[in-house]
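Working notes for the structure below.
The values are calculated or read from the model by the stated rules, or taken from the named source; none is laboratory data. Bear in mind the structure is a predicted one, so any value in this text is a computation, not a measurement. Methodologically, a virtual Cβ is constructed for each residue, glycine included, from the backbone with ideal geometry; neighbour enumeration extends over all protein chains shown. Heads up: the accessible areas ignore ligands, DNA and RNA and are worked out on the full protein's heavy atoms, side chains in. Shrake-Rupley method; radii C 1.70, N 1.55, O 1.52, S 1.80 Å.
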Amino acid sequence: MDPRIPRLRRKLAAIPFQPLRSHSFGEEQHEFRLGPKLAEASLAAFEAEHEIVLPDAYRQFLTHIGGSGAAPFYGLMPLERCSLLFMNPRGEPGAPRGFSDTGSGTHERDRFLHVIEMGCTDVCLIAVTGPLTGRVLIGNGDGHWGPNVSSATDFLDWYERWLNHMSAGRDNRALELTSPQLRAHPGRHRTAPKI
């Protein structure tokens, strides 16, 4: 078992009781609860069906912490609801890229597993093949913005960053965290109107 697992369990258990923590968008959906842990046999069956290998940190989370629930945005989706996507081909230089369902003839392209529900067409993914394997990305399925690759080395680091920023009462736009100060006085932090 990864040595970060017990630490993540402790931090997650403490979060709901911290009065000065940040608000995490979507927390009302998962209420910081986790679904049951998954058995290795379930993960192996999913991998065989989709012809992938789940990144180790994500696998460790599913088997030792929980198979769904508490996570940024609306929470970690159950594995059976996760879908494989591939990044759309690059358009114009600097233009955002969206994601599409994998289909026939896409096995040679890098694949991403949609693991966290963000709402609308926004997606939170883990790369399962290619140079970004194991890294978390967020973006828009239709290519309206992103994708943005997290600087966290893997899913466990990314998850711990969410817990740490929330515990510290920080704003974090990428993780949709709102500090207690901003929630108390939202009008004070508005940006200047465009002139």
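From L34, L43, L38, grab the single residue that is under 16 Å from the mean Cα position of the chain (by Cα) and farther than 21 Å from A168 by Cβ.
Details: L43 fails: under 16 Å from the mean Cα position of the chain (by Cα); L38 fails: under 16 Å from the mean Cα position of the chain (by Cα).
One residue alone meets the criteria, L34.
Applying the selection to the stretch 137-150, what residues are of a type in the set (G, A, S) and either modelled with pLDDT of 95 or more or closer than 11 Å to V123 by Cα (or both)? Spell out how you get there, then give the answer.
At the first step, the residues of the stretch 137-150 found to be of a type in the set (G, A, S) are 139, 141, 143, 146, 150.
Within the stretch 137-150, G139, G141, G143, G146 qualify.
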Can you tell me which of P93, P72 is of a type outside the set (S, T, N, Q), part of a loop (DSSP other than H, G, I, E, B) and in contact with a Cys (Cβ under 8 Å, 6 or more places away or on another chain)? P72
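Say we look at the stretch 67-124 and pick out the residues that are among the basic types (K, R) and touching a Lys or Arg at 6+ places or on another chain (Cβ under 9 Å); which of these is modelled with the highest pLDDT?
R97
To keep it simple, each residue is scored yes or no on (1) acidic (D, E); (2) in a helix (DSSP H, G or I); (3) closer than 28 Å to R170 by Cα; (4) touching a His at 6+ places or on another chain (Cβ under 6 Å).
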position	(1), (2), (3), (4)
T63	no, yes, no, no
G67	no, no, yes, no
E80	yes, yes, no, no
F86	no, no, no, no
S100	no, no, no, no
F112	no, no, no, no
I116	no, no, yes, no
L137	no, no, yes, no
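Condition check: on the phi > 0 side of the Ramachandran plot, open to solvent by less than 60 Å² (accessible area, probe 1.4 Å) and in contact with a Leu (Cβ under 9 Å, 6 or more places away or on another chain). Does F46 satisfy that? Outline the logic, then answer.
Values: on the phi > 0 side of the Ramachandran plot: no; open to solvent by less than 60 Å² (accessible area, probe 1.4 Å): yes; in contact with a Leu (Cβ under 9 Å, 6 or more places away or on another chain): yes.
No; evaluated as a whole, the condition is false for this residue.
Looking for something open to solvent by less than 10 Å² (accessible area, probe 1.4 Å), part of a helix (DSSP H, G or I) and either without any contact (Cβ under 8 Å) to a residue 24 or more places away in the chain or touching a Gly at 6+ places or on another chain (Cβ under 9 Å) (or both) - is there at least one such residue anywhere in the stretch 143-156? I'd like the intermediate steps shown before the answer.
The first filter runs over the stretch 143-156 and keeps only residues open to solvent by less than 10 Å² (accessible area, probe 1.4 Å), leaving 152, 155-156.
Among the residues that remain, those that are also part of a helix (DSSP H, G or I) are: 155-156.
Going one step further and asking which of them are either without any contact (Cβ under 8 Å) to a residue 24 or more places away in the chain or touching a Gly at 6+ places or on another chain (Cβ under 9 Å) (or both), we end up with 155.
Taking every residue of the stretch 143-156 in turn, at least one turns out to be open to solvent by less than 10 Å² (accessible area, probe 1.4 Å), part of a helix (DSSP H, G or I) and either without any contact (Cβ under 8 Å) to a residue 24 or more places away in the chain or touching a Gly at 6+ places or on another chain (Cβ under 9 Å) (or both).
Of the residues that sit in the stretch 158-175 and are farther than 14 Å from I65 by Cβ and under 12 Å from the mean Cα position of the chain (by Cα), which one is surrounded by the most Cβ atoms within 10 Å (Cβ to Cβ)? Outline the logic, then answer.
First pass over the stretch 158-175, keeping only residues farther than 14 Å from I65 by Cβ: 161, 164-175.
Now narrow it down to the ones that are under 12 Å from the mean Cα position of the chain (by Cα): 161, 174-175.
Details: R161: 18, A174: 15, L175: 22.
So, considering only residues that are farther than 14 Å from I65 by Cβ and under 12 Å from the mean Cα position of the chain (by Cα), the one surrounded by the most Cβ atoms within 10 Å (Cβ to Cβ) is L175.
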Every pair of residues 6+ apart whose Cβ atoms lie under 7 Å, when the first sits in the stretch 1-26 and is closer than 20 Å to C124 by Cβ and open to solvent by less than 80 Å² (accessible area, probe 1.4 Å) while the second is of a type in the set (F, W, Y) and in a helix (DSSP H, G or I): L8/Y159
From the list P72, P96, P55, P89, which one is touching a strand residue (DSSP E or B) at 6+ places or on another chain (Cβ under 9 Å) and open to solvent by 50 Å² or more (accessible area, probe 1.4 Å)? P96
Within the stretch 118-135, is there a residue that is part of a helix (DSSP H, G or I) and surrounded by 20 or more Cβ atoms within 10 Å (Cβ to Cβ)? no
Given the conditions (1) closer than 22 Å to M118 by Cα; (2) assigned to a helix (DSSP H, G or I); (3) in contact with a helix residue (DSSP H, G or I) (Cβ under 6 Å, 6 or more places away or on another chain); (4) not small (G, A, S), and given that R21 satisfies all but one, which numbered condition is not satisfied? (2)
